[in-house]
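Only one structure is covered here, and it is reproduced in the block below.
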Amino acid sequence: MAKIVLKREKPLNGYSKVINKIEIAEYKFDSLISLAIPLKRERKCKLNFKNSLGEPMPSIENSIISKSGILGFRIGLDLLFICNPSHSSFAKKTVPLLKQAFYITDQTGGWCGVEVDGDRVIEMLERICPLNLSQKIFAIGDVKRTIMDHLNVIIFRETEKKFILFSPSSSSGSFLKSIETSSRNI
Amino acid sequence: MLIDHPLLGLRDSSEFIYMGDAKLLNRPNWKSQNSMTKFIDYGYLRKNPAGVHKELWYHEQGDRSWLVVTRNTVTHEILKVELARET
């Protein structure tokens, strides 16, 4: 009997488009996991995080990027996300290490990522995002969870004019339409 | 309306869900003699004041924290915001 291998589809099917000089593209990643810090185990988790990813555990609404390109960000007191773009040993080495201290949930299929990049990206985002995106308040490397067009979004600032937005994959089409519409409305 | 989250700063109220009177934090002791009366009060009776009121707000589209917000229901002025876990 032939061996069947299932291949995961990307939520936005590799979408990429430029609207009003804003580059909108699906952010592709291999895996996304959430880490919860067990009660009274923050110290152990901090040590474990450093050992697993080689970077200190970020403070709330901050992020780290490891040498192998893994993005880690902290949403709340006891909640973090780790996004692995393409590092091959992540599932076999890093995740088992993290499991020694954190509660881990694989959320890869639950989220889609969208990169938005361009000189007018702030003008586009300010139409749908209730956050203050001024660099004094929301600096490079900062991350926040918020709501855009009634949809849950995690927003990460990669550079001054480039953001990565994570939103639930089940509503990724609606979210993309919001971004496209907002880009046209500049 | 903006809510000054103790950890995250000013955030739009659309990120939060209003979860009712903050008295819900003080669950009655089921062993007490008049526990039935206390639970009816806890479950069904609210003061609904026109003025200063302590409320529970859940930051669902944010860090998933529970807040106790002291708010004037007439003016919507927010007087104090605390993490529920620290009250």
Between A:Gln100 and B:Thr37, Cβ-based FRET efficiency (R0 51 Å, step 0.05) works out to 0.55
Compute the Cα gyration tensor for segment A:31-108, then decide on rounded, prolate or oblate, letting a ≥ b ≥ c be the square roots of its eigenvalues: rounded whenever a/c is under 1.5, prolate when a/b is larger than b/c in the other cases, and oblate in all that remain. rounded
Using alpha-carbon positions, the gyration tensor of chain A gives root eigenvalues a ≥ b ≥ c; with a/c under 1.5 called rounded, otherwise prolate if a/b exceeds b/c, else oblate, the class is oblate
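So for each of A:171-181, A:134-144 I average, over its residues, the number of other beta carbons within 10 Å; can you give me the resulting order with the highest mean first?
On the way: A:171-181: 17.7, A:134-144: 14.7.
Listed from highest to lowest mean packing, they are A:171-181, A:134-144.
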Across segment A:31-108, how many lysine pairs, 8 or more positions apart or on different chains, have C-alpha atoms separated by under 21 Å? Please give the number. 15
Measuring from its Cα centre, segment A:131-186 shows a charge dipole (+1 at each Lys and Arg Cβ, -1 at each Asp and Glu Cβ) which, in debye to the nearest 20, is 80
With θ taken as phi - 60° and the coefficients 6.51, -1.76 and 1.60, list the Karplus ³J(HN,Hα) couplings across segment A:135-152 in order, rounded to whole Hz; mark glycine and proline as x. 5, 5, 8, 10, 7, 4, x, 6, 9, 9, 9, 8, 10, 10, 6, 6, 10, 5
Between segment A:82-144 and segment B:28-51, what's the alpha-carbon centroid distance in Å? 43
Need one value for A:59-70: mean number of C-beta atoms belonging to other chains within 10 Å of its residues' C-beta atoms. 1
For B:Asn72 and B:Met19, what does the FRET efficiency come to when R0 = 22 Å and r is the distance between their Cβ atoms, rounded to the nearest 0.05? 0.75
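Taking a ≥ b ≥ c as the square roots of the eigenvalues of the Cα gyration tensor of chain B, is the shape rounded (a/c under 1.5), prolate (a/b larger than b/c) or oblate?
Prolate, because a/c is 1.5 or more and a/b exceeds b/c.
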Quick query: amide H of B:Arg64 versus all other amide H atoms, modeled in the peptide plane; which residues come in under 5 Å with a sequence gap of 5 or more or a different chain? B:His59
Sorted by chain and number, the residues with a modelled amide H under 5 Å from that of A:Cys112, at a separation of 5 or more or across chains, are A:Ser167, A:Ser169
Once the dipole of segment A:31-108 is set up from charges on Cβ (+1 Lys and Arg, -1 Asp and Glu), the residue from the list A:Phe49, A:Gly69, A:Asn84 lying farthest towards its positive end is A:Phe49
Nonlocal amide H pairs with A:Ile19, under 5 Å, H built at 1.01 Å: A:Ile24
Please get the size of the charge dipole for chain A, origin at its Cα centre, with Cβ charges of +1 on Lys and Arg and -1 on Asp and Glu, quoted in debye to the nearest 20. 700
Taking the Cα centre of chain B as the origin, how large is its charge dipole in debye, to the nearest 20, when only Lys and Arg (+1) and Asp and Glu (-1) carry charge on their Cβ atoms? 500
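Just so you know, all these numbers are worked out from the coordinates, no wet-lab data involved. What you see is a predicted model; the values in this text were computed from it and never measured. Positions of Cβ are backbone-derived with ideal geometry, glycine not excepted, and every protein chain shown enters the neighbour counts.
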